[in-house]
Amino acid sequence: MEIPSKFDAKGIESKWYAFWQKNNFFKSTPDEREPYTIVIPPPNVTGVLHMGHMLNNSLQDIIIRRARMRGYNACWVPGTDHASIATEAKVVAKLKSKGIEKRDLTREEFLNHAWEWTEEYGGVILEQLKKLGCSCDWDRTKFTLDPEMTESVLQIFEKLHDEGLIYRGFRMVNWDPEAQTTVSDEEVLFEEKNGNLYHIAYQVVDSDEKVIVATTRPETLLGDTAVCVHPEDERYLHLKGKKVYVPLTERIIPIIEDDYVAMDFGTGCLKVTPAHDQNDKILGEKHQLQVIDIFNSDGTLNENGGDYQNLDRFKVRKIITKDLEAQKILIKTESHRHKVGISERTKAVIEPRLSDQWFLKMEELAQPAIDGVLNSNYIELLPEKFKNTYRHWMENIRDWNISRQLWWGQRIPAYFYGKGKDDYVVALDEVKALEKAKLKSGNNSLKANDLRQDEDVLDTWFSSWLWPISVFDGIRYPENEEIQYYYPTQDLVTGPDILFFWVARMIMSGYAFRDEKPFSKVYLTGLVRDQKGRKMSKQLGNSPDAIKLIEDFGADAVRVGLMLSSAAGNDLLFDESLCQQGKNFANKIWNAYRLIEGWKIKEDLKMPKVATEALEWYENQFEKSLAWVDENFDKYRISDALMSIYKLVWDDFCSWLLELIKPEYGQPIDRETYKKVITLFEKNLRILHPFMPFITEELWHFIADQKQRDSLTVSAWPVRRNFNEKCINDFELVQQIIGGIRNFRKEKNIVPKDMISLYINKDKSNFKFESAILKLGGVSEIKYSTPPEDFVGGSFRIRNLELFIPTNAAEDPEAEKEKLTQELSYTKGFLVSVEKKLSNKRFVANAPEKVIDLERKKASDAREKILLLEKNLGSL
């Protein structure tokens, strides 16, 4: 079958993906092989592919494809997350656009709309991952709200509650007024904001005196229930037992004393608002103060807001400031920069709020997860720098607020049967709840309609922390074949931004519910940024359309572009030019095969010496590169692995091997050379396949009419063999000599077709690959000696060799002296830098032995070259 002149990515991607799926090459079931399991970080069910997904899933696919080729039973489990806050917000927005308010719907009606939305838009991202080439076992696709997944989550809630680890408490929580739900401490981002510090006068009752209080939130004074001063502050000793009026109201509140107040901060007077500040709540409980909540769930003021009722909190801030000014009790306003809590999901300013919530005690769960990562290294974090972040979070862990005031998600399985604080039971369903309620209350006359299930749902992370276990149904059936075979998984590839939200919690759940780690290695990618270093986002308009990139450049090219810019754990600066580089690489590979395929074979020809030597060199070079590729994979330096292959194929194979073995124009090639170069090309395809699955599969089938079982995606990864380092080094010297000849020709305007002679001051018996110099250097003969005394021509030096080329004109002595002087200066400087490196004790102690040996050889070669240059300068 004749290969087309141009590589058409669009034309082959859907063909080969359908072929792979039809033949179940991605499917995994337990068998006698060793498993290699990866679970996908489940994207939001209604999300679309963005650059972060592209990077993360390209890495996972590269790892799992290589594992499959290495003979493992490779299993990559896909799925999506129900994403309570994000999905509910989208459904609410859609309903609003139709003139429907959530508050006008029953829970069941709203959930019907949510499921319709999910069925319409859900799963789009998984189809997009197929376009990228992701080799997931799609029969295993999970959704965190699948019935069996939900049952697993509720079962764990019941278990932890029965063990006393889940409890209900009235606490100060982080309230998101836009999503109208709580969010955990970890979901709050703190940003520096420009604001104001308002100095407000509080009138002392039965006195002309006023106390000045400074606050950044004047609107909350409507919830004040005390003013606090330090008991030893001499400025306020006379106010002990006094009271003040809350500004703009007739309400009277006490002046209290507490050493919590810093005398040297601000005015030394603190307004106390127990309902809307965590520290004020503690003061309020200590001094038994009244709690006045002034906010509705949407951030507007409630009936306690007086004239400001139903107005947004930030609008009230502006109005109340003017009202305070009008009454001359706003003494002054200062510019003030301070940190403000922002909801990670909606970007709304967080409102501290007192609420009944469900919490999970974390300290006991955290200890095994600390030991597994920090003390035993049983689970590796890559790069290791993230261990410090992990340590900080885990050693300062707080109880987890797991309830959310939403309808989309797993509803908390708590059923209330009375008005008392503890009049509830936790059960998987209403039938079991009724049985438990009768037993707990001692009231056998209770009926199902006497039960009221908690309205809240569980935090989305409470379902996804079980992901590596629940995808194999290991919660409901802990002894089932699949969980026993596939768990623990091997690798987790994710972003460092969810190291605590998800990774740490999965580690905790793994030890808590399986007494085993969930995975062995965590590979943390960087963030995708633009060329200005900004995080890519829709708001900035700097995030390219991921699918359009695939359409424009091809999936293989985009994967290569991402890997070329991605070092483990470091943010990557993405530029579309990298995709173009990937496309150029694909074209290079394609054209290399077209060149080979175009050669005519003549059976009676013998393999020429130049081909024999070139093939010997490339076979060794391939083995050396393969060893380096495998080592980089072992260390999760995936980008470095690709760069090794890129150089091997582009430089070594295309620029050197093919140039050396290709026959003269119009001439045939011998069968043995052709057969060997095809074998080497197939080896190249094997190690390229995880990175560029489509083009490699296409070329694999052009080479021969491969059978189904011989699809490249399930072919064997090359087995490493020993290689001859001396052979590689010898050829590297020849490459430098050929480069020197080409530079000499350029300097002297000697056209490539003109043959030249070459003198080398080296013993021929120690010199290999002469045939390569003759062919690629355009050299007619090589003489292993110094030139005669009447020699006319020029010279150049490679390492400790001096090479001479005859020309029609003698070298200008002054020009030659200047060139030698410059070369000597450079070589001395180079030697200093190498010796400095070798004198560095840390470098010598930590660098691999082969790296140190290479540096020592560089130093030795430099010293020999310096002696040669000094000798030549002396002779001039």
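The values are calculated or read from the model by the stated rules, or taken from the named source; none is laboratory data. On a predicted model such as this, the values are computed, not experimentally measured, just so you know. Here the Cβ is made from the backbone with ideal geometry for all residues, glycine too, and neighbour counts use every protein chain on show. For accessibility, only protein heavy atoms count, side chains too; no ligands or nucleic acids. Shrake-Rupley method; radii C 1.70, N 1.55, O 1.52, S 1.80 Å.
Give me a count of the residues in the range 286-300 that are surrounded by 14 or more Cβ atoms within 10 Å (Cβ to Cβ), farther than 21 Å from Q405 by Cβ and without any contact (Cβ under 8 Å) to a residue 40 or more places away in the chain.
Number satisfying all stated conditions: 0.
Among D206, D146, which is over 29 Å from R476 (Cβ atoms) and either without any contact (Cβ under 8 Å) to a residue 60 or more places away in the chain or open to solvent by 10 Å² or more (accessible area, probe 1.4 Å) (or both)?
D206
Only one residue in Y523, Y511 is part of a strand (DSSP E or B) and in contact with a Gly (Cβ under 9 Å, 6 or more places away or on another chain), so which one is that?
Testing whether each residue is part of a strand (DSSP E or B) and in contact with a Gly (Cβ under 9 Å, 6 or more places away or on another chain) leaves just Y523.
Of the residues that sit in the range 482-499 and are open to solvent by less than 10 Å² (accessible area, probe 1.4 Å) and in a helix (DSSP H, G or I), which one is farthest from V471 (Cα to Cα)?
Residue satisfying both the conditions and the ranking: L499.
Using the structure shown, decide if I350 is open to solvent by less than 60 Å² (accessible area, probe 1.4 Å) and either within 13 Å of Y198 (Cβ to Cβ) or modelled with pLDDT under 90 (or both).
Taking the combined requirement at face value, the residue does not satisfy it.
Quick one: is G341 surrounded by 13 or more Cβ atoms within 10 Å (Cβ to Cβ), in a helix (DSSP H, G or I) and of a type outside the set (K, R)?
It is false that G341 is surrounded by 13 or more Cβ atoms within 10 Å (Cβ to Cβ), in a helix (DSSP H, G or I) and of a type outside the set (K, R).
Residue-by-condition table, conditions (1) in contact with a helix residue (DSSP H, G or I) (Cβ under 8 Å, 6 or more places away or on another chain); (2) open to solvent by 10 Å² or more (accessible area, probe 1.4 Å); (3) in a helix (DSSP H, G or I); (4) over 18 Å from A74 (Cα atoms):
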site	(1), (2), (3), (4)
P690	yes, no, no, no
T696	yes, no, yes, yes
L699	yes, no, yes, yes
E732	no, yes, yes, yes
Q735	yes, yes, yes, yes
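Check Y72 against each of (1) touching a helix residue (DSSP H, G or I) at 6+ places or on another chain (Cβ under 8 Å); (2) surrounded by fewer than 21 Cβ atoms within 10 Å (Cβ to Cβ) and name the one condition it does not meet.
Looking at each condition in turn, Y72 falls short on (1).
Quick one: which helices (runs of 4 or more DSSP H) sit completely within the range 807-876 and have at least 2 residues that are open to solvent by less than 80 Å² (accessible area, probe 1.4 Å) and either β-branched (V, I, T) or touching a strand residue (DSSP E or B) at 6+ places or on another chain (Cβ under 9 Å) (or both)?
Because the criterion is at least 2 residues that are open to solvent by less than 80 Å² (accessible area, probe 1.4 Å) and either β-branched (V, I, T) or touching a strand residue (DSSP E or B) at 6+ places or on another chain (Cβ under 9 Å) (or both), the helices (runs of 4 or more DSSP H) in the range 807-876 that meet it are 813-838, 849-875.
Say whether the condition of being open to solvent by 20 Å² or more (accessible area, probe 1.4 Å), of a type outside the set (G, A, S) and not in a loop (DSSP other than H, G, I, E, B) is met by at least one residue in the range 394-408.
Scanning the range 394-408, I find at least one residue that is open to solvent by 20 Å² or more (accessible area, probe 1.4 Å), of a type outside the set (G, A, S) and not in a loop (DSSP other than H, G, I, E, B), so the answer is yes.
Just give me the residues in the range 301-320 being β-branched (V, I, T) and open to solvent by less than 20 Å² (accessible area, probe 1.4 Å), in sequence order.
V316, I320
Any residue in the range 654-682 that's under 16 Å from L605 (Cβ atoms) and in a loop (DSSP other than H, G, I, E, B): show its pairings with residues that are open to solvent by less than 10 Å² (accessible area, probe 1.4 Å) and among the hydrophobic types (A, V, I, L, M, F, W, C) at Cβ separation under 6 Å, as long as the two are six or more apart or on different chains.
These pairs meet every condition: P663/I669.
So in the range 276-285, with the set limited to residues that are out of contact with any Cys (no Cβ under 7 Å at 6 or more places or on another chain) and buried (at least 18 other Cβ atoms within 10 Å of the Cβ), which one is nearest to P177 (Cα to Cα)?
H276
Could you tell me whether any residue of the range 720-730 is β-branched (V, I, T), in a helix (DSSP H, G or I) and modelled with pLDDT under 95?
Within the range 720-730 (the criterion being β-branched (V, I, T), in a helix (DSSP H, G or I) and modelled with pLDDT under 95), the answer is no, since none of the residues qualifies.
Go through (1) in contact with a strand residue (DSSP E or B) (Cβ under 6 Å, 6 or more places away or on another chain); (2) closer than 19 Å to V205 by Cβ; (3) open to solvent by 40 Å² or more (accessible area, probe 1.4 Å) and name the single condition T225 misses.
Among (1) in contact with a strand residue (DSSP E or B) (Cβ under 6 Å, 6 or more places away or on another chain); (2) closer than 19 Å to V205 by Cβ; (3) open to solvent by 40 Å² or more (accessible area, probe 1.4 Å), T225 violates only (3).
Looking at this structure, is K762 of a type outside the set (S, T, Y), open to solvent by 70 Å² or more (accessible area, probe 1.4 Å) and either farther than 30 Å from R856 by Cβ or not in a strand (DSSP E or B) (or both)?
So K762 does not fit the description; no.
Residues checked against (1) within 43 Å of the chain's Cα centre (by Cα); (2) farther than 16 Å from H689 by Cα:
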| site | (1), (2) |
| --- | --- |
| K635 | yes, yes |
| S644 | yes, no |
| E664 | no, yes |
| P668 | no, yes |
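Can you name every one of the helices (runs of 4 or more DSSP H) wholly within the range 528-621 that holds 1 or more residues which are of a type in the set (G, A, S) and open to solvent by 10 Å² or more (accessible area, probe 1.4 Å)?
Of the helices (runs of 4 or more DSSP H) lying wholly inside the range 528-621, those with at least 1 residues that are of a type in the set (G, A, S) and open to solvent by 10 Å² or more (accessible area, probe 1.4 Å) span 576-597.
Of the residues that sit in the range 116-143 and are open to solvent by 40 Å² or more (accessible area, probe 1.4 Å) and over 23 Å from the mean Cα position of the chain (by Cα), which one is farthest from M51 (Cα to Cα)?
E116
From T80, T37, grab the single residue that is out of contact with any Asp or Glu (no Cβ under 9 Å at 6 or more places or on another chain), crowded, with 23+ Cβ neighbours inside 10 Å and of a type in the set (S, T, Y).
Among T80, T37, only T80 is out of contact with any Asp or Glu (no Cβ under 9 Å at 6 or more places or on another chain), crowded, with 23+ Cβ neighbours inside 10 Å and of a type in the set (S, T, Y).
Take the conditions open to solvent by less than 80 Å² (accessible area, probe 1.4 Å) and not in a helix (DSSP H, G or I) and apply them to E789. Does it pass?
For E789, the condition - open to solvent by less than 80 Å² (accessible area, probe 1.4 Å) and not in a helix (DSSP H, G or I) - is not met.
Looking only at the range 63-79, decide whether some residue is of a type in the set (V, I, T), at pLDDT 95 or above and not in a helix (DSSP H, G or I).
Among the residues of the range 63-79, at least one is of a type in the set (V, I, T), at pLDDT 95 or above and not in a helix (DSSP H, G or I), which makes the answer yes.
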